[in-house]
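S.K.: This is the structure, below, for whatever I ask next.
The values are calculated or read from the model by the stated rules, or taken from the named source; none is laboratory data. Keep in mind it's a predicted model, so treat the numbers as computed, not measured. Every residue, glycine as well, gets a Cβ built from its backbone with ideal geometry; the counts of neighbours run over all protein chains shown. Ligands, DNA and RNA are stripped out before the accessible areas are found, and what is left, the full protein with its side chains, is counted by its heavy atoms. Shrake-Rupley method; radii C 1.70, N 1.55, O 1.52, S 1.80 Å.
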Amino acid sequence: MDPIQQLPGQEISLDEARRIMNVRKEYFNKMELALRLATGILHDPAVTNFYLSKTNGFLFSKEELQKLLDSGASYYMVIAGAHPEKTEQFEKGDPTVMVIPCRLLTKDDCAAEEGGMILEATGLAPQGTAAGIAKTNRLDDDPTIGLEHPPATDVTQINYV
């Protein structure tokens with residue numbers, strides 16, 4: 001499927017949301033012992049932190065989401081990742097998520113070989129302004145392109161408020 005012509009998000013009920021979360025928990029529980037053995041053999045704490053984490057939720061504030069919308073991007077990519085180093089909030093390897101405004105999704109030879117795609121980030125500066133265009137066009141700078149998001153948590157129930 002062409003990534004630009006993605007299907008729109010679907011509304012889900014409370015029961016569907018609970019089912020989605022519980023299936024992930026079921027898979028996690030089935031694999032926990034095998035992963036403990038495998039990551040123990042690897043002797044890599046970051047790998048253990050990533051694969052044994054129960055993190056399944058990332059909390060965004062209204063202001064953070066509004067900042068993304070104000071960027072003027074047509075698309076926003078949510079990308080799962082892992083923390084590259086230890087910080088006050090996370091251990092190395094702990095799961096995290098990024099939300100990145102983007103203009104276009106493309107493939108190149110390297111990405112196609114890996115079955116992936118290249119994300120062309122537009123950044124958080126409002127698009128169409130001189131500041132926004134300058135910020136995203138400078139190759140010698142490292143512009144802010146999106147949000148990487150702690151705090152992460154293990155959500156165990158979803159209730160309707």
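S.K.: Any residue that is in a loop (DSSP other than H, G, I, E, B) and over 22 Å from the mean Cα position of the chain (by Cα) - is there at least one of those in region 48-69?
M.R.: No, there is no match, as no residue in region 48-69 is in a loop (DSSP other than H, G, I, E, B) and over 22 Å from the mean Cα position of the chain (by Cα).
S.K.: Considering only residues of region 142-161 that are open to solvent by 60 Å² or more (accessible area, probe 1.4 Å) and outside any loop (DSSP other than H, G, I, E, B), which is nearest to GLY72 (Cα to Cα)?
M.R.: Within region 142-161, the match that is nearest to GLY72 (Cα to Cα) is GLU148.
S.K.: Here is a further query. Search region 73-91 for residues being in a loop (DSSP other than H, G, I, E, B) and either β-branched (Val, Ile, Thr) or in contact with a strand residue (DSSP E or B) (Cβ under 8 Å, 6 or more places away or on another chain) (or both), and hand back the single one that is nearest to VAL47 (Cα to Cα). Step through it out loud before you land on a result.
M.R.: Going residue by residue through region 73-91, those that are in a loop (DSSP other than H, G, I, E, B) are 73-74, 83-91.
Next, only the ones that are either β-branched (Val, Ile, Thr) or in contact with a strand residue (DSSP E or B) (Cβ under 8 Å, 6 or more places away or on another chain) (or both) stay: 73-74, 83, 87, 90.
Numbers: ALA73: 34, SER74: 35, HIS83: 11, THR87: 16, PHE90: 13 Å.
Among them, the one singled out is HIS83.
S.K.: Starting from region 65-84, take each residue that is among the β-branched types (Val, Ile, Thr) and list its partners that are crowded, with 17+ Cβ neighbours inside 10 Å and not in a strand (DSSP E or B), counting only C-beta distances under 9 angstrom and pairs at least six apart or across chains.
M.R.: These pairs meet every condition: ILE79/GLY146.
S.K.: Take region 70-106 and flag every residue that is of a type in the set (D, E, K, R) and surrounded by fewer than 14 Cβ atoms within 10 Å (Cβ to Cβ).
M.R.: ASP70, GLU85, GLU88
S.K.: Given the options ARG24, ARG36, ARG19, name the one that is surrounded by fewer than 16 Cβ atoms within 10 Å (Cβ to Cβ), modelled with pLDDT of 80 or more, among the charged types (D, E, K, R) and in a helix (DSSP H, G or I).
M.R.: That would be ARG19, the only listed residue that is surrounded by fewer than 16 Cβ atoms within 10 Å (Cβ to Cβ), modelled with pLDDT of 80 or more, among the charged types (D, E, K, R) and in a helix (DSSP H, G or I).
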